[in-house]
Amino acid sequence: AFLYVANDVIQHDKRKGGEFVKDFLPMLASAVQHIVSQVDDATIHKTVKRIIQIWNERQIYEPDAIKLLKTSFENG
């Protein structure tokens with residue numbers, strides 16, 4: 001649920017200046033790793049991966065941040 005709320009806030013905030021976009025990044029990396037390591041559900045893992053992909057496609061985060069999130073996913 002946290003990731004869905006964060007996704008909504010981040011995407012709306014990006015259009016308004018992006019104050020929360022940067023602030024959320026450290027928490028997102030930890031959350032992604034936690035979700036992948038603690039939740040044994042392929043559907044949820046697929047959803048997390050898709051959200052990261054959307055952030056990349058819509059350029060919500062810079063490439064380095066996307067790399068951090070992908071690494072967190074892989075290390076989860």
Correct choice for Cα Rg over 2.2 N^0.38 Å that was computed from the model, options (1) 1.18; (2) 1.08; (3) 1.01: (3)
Modelled label reach - residue 67, point 7 Å along Cα→Cβ, segment 21-44 residues with backbone N closer than 17 Å: 26, 29
Computed [θ] at 222 nm, helices only, for the chain once each DSSP H run of length n ≥ 4 contributes -39500 (n - 2.57): -28000 deg cm²/dmol
Derived scalar couplings ³J(HN,Hα) [segment 10-18; Karplus, 6.51 cos²θ - 1.76 cosθ + 1.60; whole Hz; x for Gly, Pro]: 4, 5, 5, 5, 4, 5, 9, x, x
Angle in degrees between helix 63-75 and the longest Cα principal axis of the chain, rounded to the nearest 10: 20
Cα-based Lys pair tally, the chain, threshold under 22 Å, eight or more apart or on separate chains: 11
Segment residue 3-residue 39, extension gain: residue separation times 0.36 nm, minus the distance between their alpha carbons: 11.6 nm
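The numbers here are math on the coordinates, done by the rules we state, and not lab data. What you are looking at is a predicted structure, and each value in this text was computed from that prediction instead of being measured. All Cβ positions, glycine included, derive from the backbone under ideal geometry; neighbour counts span all protein chains shown.
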